[in-house]
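The values are calculated or read from the model by the stated rules, or taken from the named source; none is laboratory data. This is a predicted model, so every value here is computed, not measured. Positions of Cβ are generated from backbone atoms using ideal geometry, with glycine treated the same way; all protein chains shown enter the neighbour counts. Please note that ligands, DNA and RNA were not included when accessible areas were found on the heavy atoms of the full protein model with its side chains. Shrake-Rupley method; radii C 1.70, N 1.55, O 1.52, S 1.80 Å.
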Amino acid sequence: MRLSEARRDLYRRLAREQGYKSRAAFKLIEADERYDIIRPGYKVIDFGAAPGGWTQVAAELAGPGGLVVALDISTIRLKEKNVVTLKLDVHDPSVVEKIGKAIGGKADVILSDLAPSVTGVWELDQTKQIDLTLRVLDLAASLLKEDGAVFCKLFEAERSQEVRDEFKRRFRSVRVVKPAASRNASSELYYYCEGLKPAAPQQG
Ligand SMILES: C[S@@+](CC[C@H](N)C(=O)[O-])C[C@H]1O[C@@H](n2cnc3c(N)ncnc32)[C@H](O)[C@@H]1O
């Protein structure tokens, strides 16, 4: 068994033992231990949330005074009281309105673990994942509080520089995170972008 497979198995077993829906939960736990991303009382949006590991972690950290709105094209089945689920595509034009209504204002933190179903054609998968992340950045302009933060996945590819430039343009601080729970061989990285800058005034 390769080391990356052994690690995957270990996190899968840990997730089962601790009642998390996915081993991905440990990526958020690790990043939060390092950067204190979600605090009690926070309003959190979780894009690409199914089956729900990150949502469970976010709901624990935000606590009963907080709220997590979890969105995915797939159904998310969770029992946590401070979670609202939406079965919706991030590209759907009603996303801002529906999340805004569910969250009642703006979010303190946006999470995104969005990834397309893999076709096997790497260039196509990369492009789709990068487009999903750029969509999250656009949604953040409407749904995130000024000074709020985004923690998101980004596939490493030629076009990822384009996204990193956008992170830097929109946030005061951008850090790259490679959680141990993230597969060894995979080219996914996570970015923690803090301090959403105020929107630039419209020209003209
Ligand atoms: C890696 S999984 C997320 C795992 C999740 N963070 C967890 O902890 O369980 C990526 C998710 O992105 C979702 N997704 C992909 N494209 C989407 C889209 N256009 N709109 C909403 N969700 C999408 C997939 O359905 C999938 O559930």
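Computed over protein heavy atoms with a 1.4 angstrom probe, the accessible surface ordering of GLU33, GLU194, largest first, is GLU33, GLU194.
Residue pairs exceeding 25 angstrom between C-alpha atoms, taken from LYS98/LYS153; LYS21/LYS145; LYS87/LYS153; LYS145/LYS168: LYS21/LYS145. Residues whose amide H lies under 5 Å from that of ALA49, counting only those 5 or more places away or on a different chain, are LEU71, ASP72; hydrogens are built 1.01 Å from N in the peptide plane.
Entry note, the stretch 3-196: relative contact order of 19 percent, from Cα contacts under 8 Å with a spacing of 6+ residues.
Report note on the peptides 39-52, 129-142: ranked by the mean count of other C-beta atoms within 10 Å, highest first, their order is 39-52, 129-142.
Measuring nothing but how far apart in sequence close Cα pairs (under 8 Å, 6+ apart) lie, relative to its length, the stretch 1-84 scores a relative contact order of 25 percent.
Per-residue ellipticity at 222 nm from helix content only, as computed over the chain with -39500 (n - 2.57) for each DSSP H run of at least four residues, stands at -12500 deg cm²/dmol. Looking at the chain, the accessible area is 51 square angstrom per residue; that uses a 1.4 Å probe and ignores ligands, DNA and RNA. Report the calculated FRET efficiency for VAL118 and SER94 (r = Cβ-Cβ distance, R0 = 41 Å), to the nearest 0.05. Efficiency for this residue pair is about 0.90.
When only Cα pairs below 8 angstrom with a gap of at least 6 residues are kept, the stretch 56-142 shows a relative contact order of 21 percent. Once backbone amide H atoms are built at 1.01 Å from N, THR85 has ALA70 as its partners under 5 Å, excluding neighbours fewer than 5 places away on the same chain. Working note: Karplus 6.51/-1.76/1.60 with θ = phi - 60° gives the stretch 70-82 the couplings 10, 10, 7, 6, 8, 6, 10, 10, 9, 9, 4, 6, 9 Hz, where Gly and Pro are set to x. What is the percent carbon and sulfur in the accessible area of the chain, measuring with a 1.4 Å probe over the protein chains and ignoring ligands? That share works out to 50 percent. Which of the three applies to the stretch 1-127, rounded, prolate or oblate, going by the alpha-carbon gyration tensor with a ≥ b ≥ c and a/c under 1.5 meaning rounded? Oblate.
DSSP beta bridges in the chain, what fraction antiparallel, as a percent rounded to 5? Show your work: numbers first, answer last.
Details: 12 of 31 bridges.
DSSP beta bridges in the chain are roughly 40 percent antiparallel.
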